[in-house]
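Readers should treat all values here as calculations from the given coordinates under stated rules, not as data from a laboratory. No experiment lies behind these values; they were computed from the predicted model shown. So basically every Cβ, Gly included, is an ideal-geometry build from the backbone, and we count neighbours across all protein chains shown.
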Amino acid sequence: MPQASDTTLQDALDAERAGNRETAGTLCLRLLEQAPTGPQAPAAHDALARLLVGQDMAAAAGHALAAWRLTPQDPTRRSNLWQLLTHLGEAGDVGRFQGREDCVGLVALGNALRRDGQALRAERAYRRALELYPEVSFTLSRLACLCAEQHRLEEADALFAQAAERHGGRDAVTRTDPAFLQALRAGPPAAGIRATIQEGAGAASRPLVVYACCDAVYARKFLPTMVRSIAEDSGLDCAIALHLVNPDAEAEATVAALAAAHGADRFIVLRETIDLSPLGDNAKTYYACSRFLVLPDLLVRWQRPVLMLDVDLLAIRDLNPLLATSARSDLGMMSHALKRLDIWSLLYADVLHIRPTTGALRFLDLTRRYIRHFLDRGLPVWFLDQAALAAVHLAGFTAEAAPRLTIYPADIHSSTVMVDGEGRYWTDDSAYFYSVRATGGGQHAVHRLKRRAGTTADVKPG
């Protein structure tokens, strides 16, 4: 016979699925009052964290912390707590969390102080949290990112190592010790990829290569809209290079249709076949990283600037003004570090403008070595590519002249999109790209967008 707590939890989950958030929350709280450490308590805390995250992230983190304490080996709860402690605490929240001595309150205060530019006080808050709650290793990540921001690179590296030993995850693939990067550079060359390449007859005459990499699923889902936007909306005179990892017949048909529609002579197609079964659910990390494993070789081969884009991006207007801002740098890429206060968002991997310079090759070669180091050690952790970019940028050139980097502002991405039933879409005109992932989910999947009709200012109410 089911226990009362089982029935209460099921009723709460049913209410949550039905959209009855208040009822679901009340039932979860009742269950926790009756059995705060019972077998259903972790799931009740999980539900409360989900219900609260959109309105009070600190309260959600409190429940995530409680669920993790009850089941500290659960990887999903560990990840949930890590994410919440990473993101909570805005600059305007300093007063709200000032004086709190609980773990969530101290981490939130540290994050808020960092966002408010009060780094010394932020460090005190993090260290106080570590002193009072040493078992909550996730605070080590917050302090490590703060140290990295201040270029206390060896100290940050040691903190990341401690965090990695305790809870793994992204901290396990994050290194900021210049000596580590120097050792990578001094080691044997990193392996690239094994792939075939098919280059259209007219591709070599184009002054720019737009390059995107994806698996068969993303090829079917995103390539048609992405390629159409480059060919018709970007204003670029470019070859289009598509790197397919383990393509299937449908992906090949998608590429063939694109070549027929936009001119086969301008297309370059790389086909990579690799057994990713050992990576399991982490295969997506390889799809994100494979482009960096071949990018130095492509830059040498093509000897032209390369614009590397995530495959779920759309160019929503002329990209030439954006590329002009980085035309005298080795690389151009976007940064929005303070959005998440973490090193993995220091440099975004979704838009890279790379010129065929010695500086760019030095940067990309070290990035490839970094990524390969962790892949070869069985650590295909999501965000490995951006951890590599950040580490190379921060610690890869401390003893020599660094490549010249242009930082694109975060608002190169459109924050809004409006779509009608025919797939016509409107975006804000100041941005250069729209991406479902980079803009936090958006209202529509990119593959639904068929044709840009104008800007949101053109859409009249009613």
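For the chain, the pair-distance distribution built from all alpha carbon pairs, in bins 10 Å wide starting at 0, is 4, 18, 26, 26, 18, 7, 1, 0 percent. With Cα atoms defining each centre, region 96-158 and region 265-288 are spaced 38 Å apart in the structure.
Arranged by the count of other C-beta atoms within 10 angstrom, fewest first, what order do 147, 28 take? The partial results should precede the final answer.
On the way: 147 23, 28 29.
Taking fewest neighbouring Cβ atoms as first place, the list is 147, 28.
Region 26-40 and region 161-233 have Cα centres separated by 46 Å.
Need the full-extension length gain, residue 257 to residue 18, defined as separation in residues times 0.36 nm minus the C-alpha distance. One decimal, nm.
On the way: separation 239, 0.36 × 239 = 86.04 nm, distance 4.22 nm.
Using 0.36 nm per residue and subtracting the Cα-Cα distance, I get 81.8 nm.
Distance between the pseudo-spin-label points of residue 102 and residue 154 (7 Å out from Cα toward the beta carbon): 4.0 nm. Relative to the longest principal axis of the Cα atoms of the chain, helix 75-87 runs at roughly 80 degrees.
Counting 0.36 nm for each residue step from residue 76 to residue 284 and taking away their Cα separation leaves a gain of 73.1 nm. Cβ crowding within 10 Å ranks 87, 413 as 87, 413, fewest other Cβ atoms first.
For the pair residue 69 and residue 34 in one chain, pulling the backbone fully straight at 0.36 nm per residue adds 10.8 nm over the alpha carbon distance. Projected onto its three principal axes, the C-alpha set of region 4-87 covers 33, 25, 18 Å, listed from the longest axis down.
Could you work out the relative contact order of region 225-384, using alpha carbon pairs under 8 angstrom and six or more residues apart, expressed as a whole percent?
Numbers: 178 pairs, mean separation 44.4, N = 160.
Computed over region 225-384, the figure is 28 percent.
Here each label is just a point 7 Å from Cα along the line to Cβ, and for residue 124 and residue 404 those points are 4.3 nm apart. Mean sequence separation of contacting Cα pairs (under 8 Å, at least six apart), scaled by the length of the chain, corresponds to a relative contact order of 12 percent.
Rounded to the nearest 20 Debye, what is the dipole magnitude of the chain about its Cα centre when Lys and Arg each give +1 and Asp and Glu each give -1 at the C-beta?
740 debye
Net charge of the neighbourhood of residue 287, taken over other residues with C-beta under 11 Å away and scored Lys/Arg +1, Asp/Glu -1, is -2. Label-to-label distance, residue 205 versus residue 135, with points set 7 angstrom from Cα along the beta-carbon direction: 7.0 nm.
How would 268, 343 line up from fewest to most surrounding beta-carbon atoms within 10 angstrom? Don't jump to the answer; show the numbers that get you there.
Details: 268 22, 343 29.
Ranked by crowding around the Cβ, least crowded first: 268, 343.
Note on residue 26 and residue 275: with the Förster distance fixed at 56 Å, the Cβ-Cβ geometry gives a FRET efficiency of about 0.65.
Hey, got the dipole for region 48-95? About the Cα centre, +1 on K and R Cβ, -1 on D and E Cβ, debye to the nearest 20?
Details: 4 positive and 4 negative charges, 53 e Å.
I would put it at about 260 debye.
Near residue 14: Cβ cut-off under 13 Å, other residues only, Lys/Arg at +1 and Asp/Glu at -1. The net charge is -1. For region 1-91, the residue among 10, 28, 57 whose Cα projects farthest onto the positive side of the dipole built from Cβ charges is 57.
Report the calculated FRET efficiency for residue 217 and residue 83 (r = Cβ-Cβ distance, R0 = 22 Å), to the nearest 0.05.
Values: r = 24 Å, r/R0 = 1.11.
It comes to 0.35.
Tally Lys and Arg at +1 and Asp and Glu at -1 over the other residues with C-beta under 9 Å from the C-beta of residue 262: what net charge comes out? Walk me through the numbers before you get to the answer.
Numbers: positive: 228, 266; negative: 232.
Value of the local net charge: +1.
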